[in-house]
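Chemist: Quick one: the structure is below, and I'll ask about it shortly.
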Amino acid sequence: MPYSEPLLVATSLLDSLPDIIVWVTPVFNEEHTVKDFRIAFANQKANAAFIQQETITGLRVVADNFPSHDYARETFTNLLEVWGNKKAKEFYFYVLSLNRFVAIHTQPHEEGLLCISRDRVAQMEAEQKEQKTSRVLKSIIGNSATGIVVFEAVREGPEITDFVLRMNNERSNQLTGTMPEEHASFRQILRDIGAEHAFDLYVAVVETGQPMQQERYLPRVEKWISSSVSRLDDGFVSMLTDITQSKAASEELEKQKNLFDDILKFSSNGISVSEMIRDESGRIIDVRTILVNEAAVQFTGLSKEIYLSKTAVELEPNILQSPYYKLCLDSLETGISSSIQYQLESTGRWLEISISKIDDNRLITIFTDISSTKEAQLSLERSAAKTRAVVDSSQAGVFTGSPVMDETGTIVDFRFTLVNKALAAFTDQEPDALIGELGSRWFGRYKANGLFEALKSTYETGQKTQFDFFYEGHKYEAWINIVITRLQDEIIGTFTDFSSLKKTQLQLERTVEELQRSNTNLQEFAYAASHDLKEPVRKVRIFSDQLNKSLGDRMTEEERTYFNRMDRASARMSSLIDDLLSFSEVSLSAKTFEEVDMNKLMELVISDLDLEIEEKKAVVRVGDLFVFKAYPRQLQQAFQNLIGNALKYAKPDVPPKINITCSKVAGDSMSVHVPMEALNQSFYCIAVADNGVGFEQQDAEKIFNLFTRLHGAANYKGSGIGLSIVRRVIENHNGYVTANSIPGEGSVFMVYLPAKTSEQAQVSKP
């Protein structure tokens, strides 16, 4: 049916609107319940929004999945709610062609629902963008390290009478130390910070539009603040920055400048700054001085006018070939400071120069006049050269060395600082090749032959040392006598080769060996003689005893006295012969060593002396001893003599106390003299201490001599051979024996026996 004119006009009007207009009518099921909505009318904007259809009129929301499969059910629900409530509602409607949601205002109209779009998305996006921008701006202002304040002018007519605060951030409060409220008076704020006079400056900024920059110190916060003020509408914005550190840096820079000026003026050293002169390729071809102090003028002998007007080449034509110039180039390239002693051609003066880089084109040099010192040094070097020539021509070896220490400060080596030719000859090197080298490199065995320990000891104690040692190298073998002294932080060694004398000494030693063999023969003769004398003496005593019994009462008193004296003499001779036999036995070497448990050996000794110990009520204490390869019979005899001596020389009416202890000591810590090769050996020290009568310490060596007695025979029996036997036994075991005593307080006999790790390192318990 053709449209009427008014309807055509209305339709044309609806099609011209920019909004989407859709009229839907309900579709009922058999129970008259709305099961869908049908589009009864859609304007051109609505049809254009859904480009997949020429027209959407006639489409159903649910049946045709309008506006799309994903949103059809939600759209039906919203339409059904308006139909049921008969109340208008606005909801969002997804428009596929726009790829966005559009607000739809839906209200009942006649027998359907009229849906009109309200495109508020753009408005919402703009609002959200504005809100986001506002949030970002507030965040920036609120978190800014710069204080920001905004003031608006207060006018009476055209005149600005004050400003009121419109906005400020927390940082501005921190920087000014104030907490102004909104609309606070600017005049009052200035009064609070003591800056009322600055009000007109801010008025000028607003009136003229010319920004203002000022710096001010605020005592209340103890800060320097920089304020950048600009006009904003009818007011101003001020950006506040804390410049306390930069202000302090500027002041420090000014102090340093003043200090530098004072250094230049008052320094006793010459100071100059030089600038490089380069050719077109950038190569340095000369140097010009651009700054110089008075001291430099004095040291160089050049006037300041000449110094600053002439280049280095003009002053020193050969300077480009000098070591000084090369150091200047090195410092420019590497940035590493260097120093040199340099003689000026123009004046002949010697300068000590320190060169440092300022930048890629400038150097600073600091120097002093060392002409007098340099002349003394050159004179000393000439003298040293003469001394070196004398040392090198010496037949005696000479060297000096400095100690090399590890991280604990222990000396581990020595480094040569001077070597003459006599010493260098031992290594087939020139002296200069050894200087700066470690002694262990060229003399690998010097730590094993005692030389290193001697050097170390002399350095640590400062005591002069002299000794002989045998040097065995790849080329030389020689006997050396060396003298070591310490001079400040070095040791000085001088040595001579006495190999020819040593050969003579060795010949003498062979002669001594022959004498020792002869002595051994004599000892064997003494043993045989003593042994052969025992029988005649025994018979004399037997026959004397028989004759005494036979004569009986027929003898006179005088004859009986003679018989008694003869009997005592023969008994004493028998005892003396027994002791001589014992001494001869220990003087004759045993065949082989045996492993001896000294604890068990000491038990045997004490067992043999048990009657005497019991008789004198003696107390004998024995500590832990050791296992030792030795001549057991000899050691038993030696310790029996020592303990027997302690029992014999007990104080009257005082029970003897004998303590036997054992410890391990180094050869260089023993109380007896030992040869150098034994200084680093370990020894067992067996100490036999008693509380007896003692003796004078000056007799400590004498008591070990044969037939020596310190006490009369009337008080103490003996032949004076016992301690001689002890010494001979200990010497047979490569040991040492000594004694310490105080008269009336007792004695201590110390027996040292070598503790070889390969054979005698075990310690046993009794």
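Chemist: Once phi is turned into ³J(HN,Hα) by the Karplus curve 6.51 cos²θ - 1.76 cosθ + 1.60 with θ = phi - 60°, what whole-Hz value does each residue of the range 63-77 show in order, with x for glycine and proline?
Modeler: Couplings: 5, 9, 6, 9, x, 7, 4, 6, 10, 5, 5, 5, 5, 4, 4 Hz.
Chemist: While we're looking at this one, here's another question. Which residues' amide hydrogens lie under 5 Å from the amide hydrogen of N43, considering only partners 5 or more residues apart or on another chain, with H built in the peptide plane?
Modeler: It is I21, by chain and number.
Chemist: Here's something else I'd like to know. Roughly how many Å² of V665 are accessible to a 1.4 Å probe, to the nearest 10?
Modeler: 40
Chemist: Provide the convex hull volume over Cα atoms per residue for the range 221-266, in Å³.
Modeler: On the way: hull volume 3.5 nm³, N = 46.
So the per-residue Cα hull volume is 75 Å³.
Chemist: Summing Lys, Arg as +1 and Asp, Glu as -1, what charge do residues with Cβ under 11 Å from the Cβ of W224 carry, W224 excluded? Kindly include the intermediate steps, with their values, before the conclusion.
Modeler: Working: positive: R216, K223, K247; negative: E215, E222, D242, E251.
Result for the local shell: -1.
Chemist: Can I ask one more? Please compare each pair in K502/K664; K503/K702; K617/K648; K549/K616 to a cut-off of 23 Å on the Cα-Cα distance and tell me which ones are over it. Don't jump to the answer; show the numbers that get you there.
Modeler: Values: K502/K664 35 Å; K503/K702 34 Å; K617/K648 13 Å; K549/K616 34 Å.
Long pairs (Cα-Cα over 23 Å): K502/K664; K503/K702; K549/K616.
Chemist: Now a separate question. Full extension from K549 to E314: what is 0.36 nm times the residue separation minus their Cα-Cα distance, to one decimal in nm?
Modeler: Working: separation 235, 0.36 × 235 = 84.60 nm, distance 13.34 nm.
Answer, rounded to one decimal: 71.3 nm.
Chemist: Sticking with this one: Report P(r) for the range 174-213: all Cα-Cα distances, bin width 5 Å, range 0 to the bin holding the largest distance, values in whole percent.
Modeler: P(r) for the range 174-213, in whole percents per bin: 6, 20, 25, 24, 20, 5.
Chemist: So what's the net charge close to F151: Lys and Arg +1, Asp and Glu -1, counting the other residues with Cβ under 12 Å from its Cβ?
Modeler: Working: positive: R166, R187, R231; negative: E152, D162, E182, D233, D234.
Combined, the nearby Lys, Arg, Asp and Glu give -2.
Chemist: Next question, about the same structure. How far is the Cα center of the range 143-175 from the Cα center of the range 280-342, in Å?
Modeler: Going from one Cα centre to the other spans 59 Å.
Chemist: Treating only the Cβ atoms of Lys and Arg (+1) and Asp and Glu (-1) as charged, compute the dipole magnitude of the range 664-708 about its Cα centre; round to the nearest 20 debye.
Modeler: Numbers: 2 positive and 6 negative charges, 26 e Å.
Using Cβ point charges on Lys, Arg, Asp and Glu, the range 664-708 gives about 120 debye.
Chemist: What percent does the relative contact order of the range 300-360 come to when contacts are Cα pairs within less than 8 Å and at least six residues apart?
Modeler: Working: 60 pairs, mean separation 17.8, N = 61.
Dividing the mean separation by the residue count of the range 300-360 yields 29 percent.
Chemist: Can you pull the one-decimal nm distance between simple spin-label points at E333 and S144, each 7 Å off the Cα toward Cβ?
Modeler: Result for the modelled spin labels: 5.2 nm.
Chemist: Using a simple spin-label model with points 7 Å from Cα along the Cα→Cβ vector, what separation in nm is obtained for E559 and Q188?
Modeler: Between E559 and Q188, the label points sit 15.6 nm apart.
Chemist: Moving to a separate point now. List nothing, just return the count: lysine pairs in the range 182-338, 8 or more apart or interchain, with Cα separation under 18 Å.
Modeler: Details: K223/K247; K247/K255; K247/K257; K255/K265; K257/K265; K265/K304.
For the range 182-338, qualifying lysine pairs total 6.
Chemist: Would you check the accessible area of T465, probe 1.4 Å, heavy atoms only, in square angstrom rounded to 10?
Modeler: 40
Chemist: Let me ask something else. Normalized C-alpha radius of gyration of the range 235-301, against 2.2 N^0.38 Å?
Modeler: Details: Rg = 20.4 Å, N = 67, 2.2 N^0.38 = 10.9 Å.
Compared with the compact-globule rule of thumb, the range 235-301 sits at 1.88.
Chemist: At a probe size of 1.4 Å, how large is the accessible area of I285, to the nearest 10 Å²?
Modeler: Only protein atoms counted, so the area is about 70 Å².
Chemist: So, counting K/R as plus one and D/E as minus one, what does the shell of residues with Cβ under 14 Å around N680 add up to? Provide the component values of the computation, followed by the final result.
Modeler: Details: positive: K447, K456, K664, K756; negative: E453, D668, E677.
Once positives and negatives cancel, what remains is +1.
Chemist: While we're looking at this one, here's another question. So how far apart, in nm, are the two label points at N85 and S281 if each is 7 Å from Cα heading toward Cβ?
Modeler: 9.2
Chemist: List residues of the range 614-652, by number, whose backbone nitrogen lies under 15 Å from a label position 7 Å along Cα→C-beta of E595.
Modeler: 626-632
Chemist: Want the number for A103 to T461: 0.36 nm per residue separation, take away the alpha-carbon distance, what's left? Provide the component values of the computation, followed by the final result.
Modeler: Working: separation 358, 0.36 × 358 = 128.88 nm, distance 10.45 nm.
Length gained between A103 and T461: 118.4 nm.
Chemist: Quick one: ranking F563, F37 by accessible area, 1.4 Å probe, largest first, what do you get? Intermediate results must be reported in sequence, preceding the final value.
Modeler: Values: F563 30, F37 0 Å².
Listed by decreasing accessible area, they come as F563, F37.
Chemist: Let me ask something else about it. Can you list residues whose amide H is under 5 Å from S339's amide H, if they're 5+ apart or on another chain and H is modeled 1.01 Å from N?
Modeler: Hits under the 5 Å cutoff: I355.
Chemist: Same structure again: Leaving out ligands, DNA and RNA, and with a 1.4 Å probe, what % of the accessible surface on the range 241-339 is carbon or sulfur?
Modeler: Heavy-atom surface of the range 241-339 belonging to carbon and sulfur, 1.4 Å probe: 54 percent.
Chemist: Additional query: Please list L434, L515, L547 from largest to smallest accessible area, probe radius 1.4 Å, with all protein chains kept in place.
Modeler: On the way: L434 0, L515 110, L547 85 Å².
Highest to lowest solvent-accessible surface, that is L515, L547, L434.
Chemist: Given C-alpha coordinates of the range 268-337, what is the ratio Rg to Rh with the Kirkwood estimate of Rh? Before the final figure, lay out the partial values.
Modeler: Numbers: Rg = 12.6 Å, Rh = 12.9 Å.
Result for the range 268-337 is an Rg/Rh of 0.97.
Chemist: Let me ask another. Express in nm, to one decimal, how much length is gained between N269 and S671 on full extension, taking 0.36 nm for each residue of separation and deducting their alpha carbon distance. Mind dumping the intermediate values first?
Modeler: On the way: separation 402, 0.36 × 402 = 144.72 nm, distance 6.20 nm.
Additional length available on full extension: 138.5 nm.
The values are calculated or read from the model by the stated rules, or taken from the named source; none is laboratory data. This structure is a prediction, so every number in the text was calculated from the model and none was measured. We place every Cβ from the backbone using ideal geometry, glycine too, and count neighbours over all the protein chains shown. Heavy atoms of the whole protein, side chains included, go into the accessibility calculation; ligands, DNA and RNA do not. Shrake-Rupley method; radii C 1.70, N 1.55, O 1.52, S 1.80 Å.
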